[in-house]
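A quick write-up on the structure given underneath.
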Amino acid sequence: MDDFSAQIYTQVHQIPHGKVTTYGDIAKFAGFPGYARQVGRLMATLPEGSTLPWHRVVNAKGEISLTGHDLQRQRRKLIDEGVEVSEAGRLKLKQYRWDGL
DNA sequence: TAATTGACGGGAC
DNA sequence: GGTCCCGCCAATT
């Protein structure tokens, strides 16, 4: 576990229930501005039974970056938290965005 | 070693 | 709102 991963995990863990944030913001708040892609790569290689709310992280356009069944999986989790997400995986970022602490 | 790839972002138009 | 394009960084090819 390198420092980068630890910081990112910690930051994602801070996202409140029913709220979302972006890859870029996670990286920035964690102290690694410009590392949005690495955040995504980290989420893609998460341990199976992780308790991390990874589903609360979307891209800057306010849409889920996954495809097919994986997209539906993340969408379902968000909807269960009260977040409105279109079938294509798009949500109103202005409304659900979390602006840090 | 070089080119490509990806759960990305922002600016220009 | 949309599209195009370029910058970004590590892992993979």
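The values are calculated or read from the model by the stated rules, or taken from the named source; none is laboratory data. None of the values given here were measured: they were computed from a predicted structure. Positions of Cβ are generated from backbone atoms using ideal geometry, with glycine treated the same way; all protein chains shown enter the neighbour counts. The accessibility values were calculated without ligands, DNA or RNA, using every heavy atom of the protein model including side chains. Shrake-Rupley method; radii C 1.70, N 1.55, O 1.52, S 1.80 Å.
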Calc'd 3J(HN,Hα), segment A:15-28, phi into Karplus 6.51 cos²θ - 1.76 cosθ + 1.60 (θ = phi - 60°), Hz, glycine/Pro = x, comes to 5, x, 4, x, 10, 9, 8, 10, 4, x, 5, 4, 4, 5
The answer for the net charge of residues other than A:Val83 whose Cβ lies under 10 angstrom from its Cβ, with Lys and Arg +1 and Asp and Glu -1, is +2
GNM of chain A, Cα pairs under 10 angstrom: of A:Gly49, A:Gly34, A:Gly62, the biggest fluctuation goes to A:Gly49
Given Cβ charges of +1 for Lys and Arg and -1 for Asp and Glu, the option among A:Ala36, A:Ile15, A:Tyr96 whose Cα lies farthest towards the positive end of the dipole of chain A is A:Tyr96
Of A:Ile79, A:Ile64, A:Ile15, the most mobile residue in a GNM of chain A (C-alpha springs, cutoff 10 Å) is A:Ile79
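Evaluate the charge dipole of segment A:3-96 about its Cα centre and quote only its size in Debye, nearest 20, assuming +1 on the Cβ of each Lys and Arg and -1 on the Cβ of each Asp and Glu.
240 debye
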Among A:Thr51, A:Thr67, A:Thr21, the residue with the largest mean-square fluctuation in a Gaussian network model of chain A built from Cα contacts under 10 Å is A:Thr51
With all protein chains present, chain A has a carbon and sulfur share of its accessible area (1.4 Å probe) in percent of 49 percent
Note to self: with every protein chain in place and a 1.4 Å probe, chain A gives an accessible area per residue in Å² of 61 Å²
The relative contact order of segment A:3-96, taking Cα pairs under 8 Å that sit 6 or more residues apart, comes to a percentage of 28 percent
